[in-house]
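The values are calculated or read from the model by the stated rules, or taken from the named source; none is laboratory data. Nothing here was measured: the structure is a model prediction, and the numbers come from that model. So basically every Cβ, Gly included, is an ideal-geometry build from the backbone, and we count neighbours across all protein chains shown.
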Amino acid sequence: MRLFFYLFILVVAVCYTYMAFVDLSFLTNRGRMGPGFFPRILGVSMIAAMLLVILSDIKNRTLFSGAQDSQYQDAAVLIGLSLTFGVLLMVLGYVIAIPAYIAATLYYFNRGKHKTNAAVTVAVPVVIHFLFGTLLNAALPQGMWW
């Protein structure tokens, strides 16, 4: 299961890094840090970290350690929810996509703790909006209909 998860994260990191290098400029025309500065650093770091983890697990012979079928199911569900989140984020925007993703993930992985799940489902989007939308003045995905 580790290899399955690591490869998924590696593919996502490569796609993210590709977009950072192709679509975003590293510096502005005034020579300041551009919109691609941080994503490029983050993307390359993610790729390096995943490659190091995979190589370390190969060296320690833990990459193919015995996993139960439920672990494969959990990984597949998480990957499916994450891919769905990516689509919803572009189509519906962060206002709907983030709470839906958090609620679905918590419903699957944290069953029976409804009050905690509801609190996290409300608190995380509020914190994201305050941190990125207000303090950092970053543009959050609005979706096609906003």
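Looking at segment 80-100, is at least one residue among the hydroxyl-bearing types (Ser, Thr, Tyr) and either crowded, with 16+ Cβ neighbours inside 10 Å or touching a Cys at 6+ places or on another chain (Cβ under 6 Å) (or both)?
Looking through segment 80-100, at least one residue is among the hydroxyl-bearing types (Ser, Thr, Tyr) and either crowded, with 16+ Cβ neighbours inside 10 Å or touching a Cys at 6+ places or on another chain (Cβ under 6 Å) (or both).
Sort out which residues of segment 1-28 are part of a loop (DSSP other than H, G, I, E, B), farther than 27 Å from Ile54 by Cα and either in contact with a helix residue (DSSP H, G or I) (Cβ under 8 Å, 6 or more places away or on another chain) or hydrophobic (A, V, I, L, M, F, W, C) (or both), and write them in order of number.
Leu24, Phe26
Table: residues versus (1) in the same structural domain as Ala119 (by TED's automatic domain parsing); (2) at pLDDT 90 or above; (3) more than 30 Å from Ala119 (Cβ to Cβ).
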position: Tyr18; (1), (2), (3): no, yes, yes
position: Leu27; (1), (2), (3): no, no, yes
position: Val44; (1), (2), (3): no, yes, yes
position: Met50; (1), (2), (3): no, yes, yes
position: Asp57; (1), (2), (3): no, no, yes
position: Gly86; (1), (2), (3): yes, no, no
position: Leu89; (1), (2), (3): yes, no, no
position: Tyr94; (1), (2), (3): yes, no, no
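Mind telling me which of the residues Gly143, Gly31, Gly112, Gly43 ends up being surrounded by 15 or more Cβ atoms within 10 Å (Cβ to Cβ), of a type in the set (Gly, Ala, Ser) and part of a loop (DSSP other than H, G, I, E, B)?
Gly143
Considering only segment 122-137, state which residues are exposed (fewer than 11 other Cβ atoms within 10 Å of the Cβ) and at pLDDT below 90.
Scanning segment 122-137 gives Thr134, Leu135, Leu136, Asn137.
So Thr62 ticks every box in (1) part of a helix (DSSP H, G or I); (2) in the same structural domain as Tyr16 (by TED's automatic domain parsing); (3) modelled with pLDDT under 85 but one. Which box is left unticked?
(1)
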